[in-house]
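K.L.:
First the structure, which I've put down as structure tokens, then a few questions once you've had a look.
The values are calculated or read from the model by the stated rules, or taken from the named source; none is laboratory data. Given the structure is predicted, the values throughout are model-derived calculations rather than measurements. Using ideal geometry, Cβ is built from the backbone for each residue, glycine included, and neighbour counts are taken over all protein chains shown.
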Amino acid sequence: DAKKARQRLQVYRTGRDAEHLHRLSLVNDLRRAVPNGELELHYQPKLQLSSRRVAHVEALLRWRHPQHGLVPPDEFIPLAEHSGLIRSLTDWVLHEVIRQCAEWADSGLDIGIALNLSAMDLGSGDLPDVLARHLARYRLDPGRLVLEITETAVMRDAFYSLEVLNRLKACGVMLAIDDFGTGYSSLSHLKRLPVDELKIDKSFVIGMDQDEDDAVIVRSTIELAHNMGLKVVAEGVETEATMELLHRYRCDSVQGYLISRPMAVAEATRWLGEASRR
Ligand code: C2E
Ligand code: CA
Ligand code: CA
Ligand code: CA
């Protein structure tokens, strides 16, 4: 009846308000995350199948919140995008990745780093300048960096994106299309972009050792990408059976829990040191 409905609405509203307040306070906390040193990068190896070598790691952002503990990126990246904080986070990531890559190179670790850009980063024209400045400051070979951009980000404003991508590419870095297969763009769209690598989304990869359809999608994506001169990375590789299939399909690199979970920097440094001696 009406009274019960009102009560239900009340409960619903309180829940929603609480959720809303929680997000508001998280945004406020996020503003202080960079100056307070609460952000950190975890690194996940990408294994090259032909050489069995780890040539790159992907940097994945983590937020160590003083009260809530480790907050995953899927929870705070969207907040950062909606509140306009994303550029300061991206600048921090860009700087930290370049500093870390130079540090590893100095210590004899021959490893490249891939980092993630948000759709909104492509909307601000000064990103290529920031990138060039950091590269010069640390004298880093730009060929060691891979910038990962989602398919949907590029397609949001394809014309403007193309210009920013061309300017990023001119810095000498490599570009990768992330989460491929989840958007609505076609490979013919991508043909016009200055990208080097395509990452097949884990939603197709995780079940491909069980699901024939997923296996077919992955296999044909690899073939098409190769025909366009792109390297292919499969993310979300969790089983030996999946890795064997990908090897058979001539996928270039694999990434996933089977090889390693993302690791904090100290553990990643140890892991990479051991892998390079194997
Ligand atoms: P992504 O770029 O597609 O990254 C892959 C995600 O899959 C990561 O989640 C990684 O930990 C997870 N993953 C890796 N291997 C496996 C596996 O074998 N199985 C499964 N089930 N998952 C696996 P994470 O670290 O939580 O990051 C989530 C997303 O947050 C990323 O997706 C990326 O879109 C975004 N993100 C992370 N760091 C940054 C950043 O610095 N800047 C921006 N703009 N976005 C970031
Ligand atoms: Ca990525
Ligand atoms: Ca993905
Ligand atoms: Ca993603």
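K.L.:
Among the residues of the stretch 95-106, is any buried (at least 16 other Cβ atoms within 10 Å of the Cβ), assigned to a helix (DSSP H, G or I) and within 10 Å of ligand 1 (Cβ to nearest atom)?
P.N.:
Yes: one or more hits.
K.L.:
Restricting attention to the stretch 176-205, which residues are farther than 19 Å from C251 by Cβ and either within 13 Å of ligand 4 (Cβ to nearest atom) or hydrophobic (A, V, I, L, M, F, W, C) (or both)? Full working, then the answer.
P.N.:
Restricting attention to the stretch 176-205, the residues satisfying the condition of being farther than 19 Å from C251 by Cβ are 183-186, 188-189, 191-194.
Answer for the stretch 176-205, where residues must be farther than 19 Å from C251 by Cβ and either within 13 Å of ligand 4 (Cβ to nearest atom) or hydrophobic (A, V, I, L, M, F, W, C) (or both): G183, L193.
K.L.:
How many residues are of a type in the set (S, T, N, Q) and crowded, with 16+ Cβ neighbours inside 10 Å if we restrict to the stretch 20-47?
P.N.:
Of all residues in the stretch 20-47, those of a type in the set (S, T, N, Q) come to 25, 28, 36, 44.
When the remaining residues are screened for being crowded, with 16+ Cβ neighbours inside 10 Å, the result is 44.
So the answer is 1.
K.L.:
What about K191, is it within 16 Å of ligand 3 (Cβ to nearest atom), among the basic types (K, R) and either crowded, with 19+ Cβ neighbours inside 10 Å or within 23 Å of N227 (Cβ to Cβ) (or both)? Write out each step before concluding.
P.N.:
Details: within 16 Å of ligand 3 (Cβ to nearest atom): no; among the basic types (K, R): yes; either crowded, with 19+ Cβ neighbours inside 10 Å or within 23 Å of N227 (Cβ to Cβ) (or both): yes.
No.
K.L.:
Filter the stretch 56-80 down to the residues that are assigned to a strand (DSSP E or B) and either within 16 Å of ligand 2 (Cβ to nearest atom) or under 13 Å from the mean Cα position of the chain (by Cα) (or both), then identify the one that is farthest from A114 (Cα to Cα).
P.N.:
Within the stretch 56-80, the match that is farthest from A114 (Cα to Cα) is R62.
K.L.:
Could you tell me whether A136 is free of Cβ contacts under 8 Å to residues at least 40 places away in the same chain and among the aliphatic types (A, V, I, L, M)? Explain how you work it out, then say what you get.
P.N.:
Values: free of Cβ contacts under 8 Å to residues at least 40 places away in the same chain: yes; among the aliphatic types (A, V, I, L, M): yes.
So A136 passes the test.
K.L.:
Looking for whichever is more than 16 Å from ligand 3 (Cβ to nearest atom), in contact (Cβ under 8 Å) with a residue 12 or more places away in the chain and surrounded by 15 or more Cβ atoms within 10 Å (Cβ to Cβ) here; the options are G125, G112. Which one fits?
P.N.:
Working: G125 fails: surrounded by 15 or more Cβ atoms within 10 Å (Cβ to Cβ).
It is G112.
K.L.:
Something else: Does the stretch 158-193 hold any residues that are over 18 Å from the mean Cα position of the chain (by Cα) and not hydrophobic (A, V, I, L, M, F, W, C), and which are they?
P.N.:
Within the stretch 158-193, Y160, E163, N166, R167, G172, Y184, S185, S186, S188, H189, K191, R192 qualify.
K.L.:
Out of the helices (runs of 4 or more DSSP H) lying entirely within the stretch 175-260, which hold 1 or more residues that are farther than 21 Å from Q48 by Cβ and without any contact (Cβ under 8 Å) to a residue 60 or more places away in the chain? Full working, then the answer.
P.N.:
Working: elements: 187-190, 202-205, 212-227, 240-248.
Fully inside the stretch 175-260 and qualifying: 187-190, 202-205, 212-227.
K.L.:
Considering (1) touching a Leu at 6+ places or on another chain (Cβ under 6 Å); (2) within 16 Å of ligand 4 (Cβ to nearest atom), say which one N116 fails and leave the rest.
P.N.:
(1)
K.L.:
Something else about it: For the stretch 183-199, name all the residues that are away from ligand 1 (no atom under 16 Å from the Cβ) and modelled with pLDDT of 90 or more.
P.N.:
Taking the stretch 183-199 and keeping what is away from ligand 1 (no atom under 16 Å from the Cβ), we get 184-194, 196.
Answer for the stretch 183-199, where residues must be away from ligand 1 (no atom under 16 Å from the Cβ) and modelled with pLDDT of 90 or more: P194, D196.
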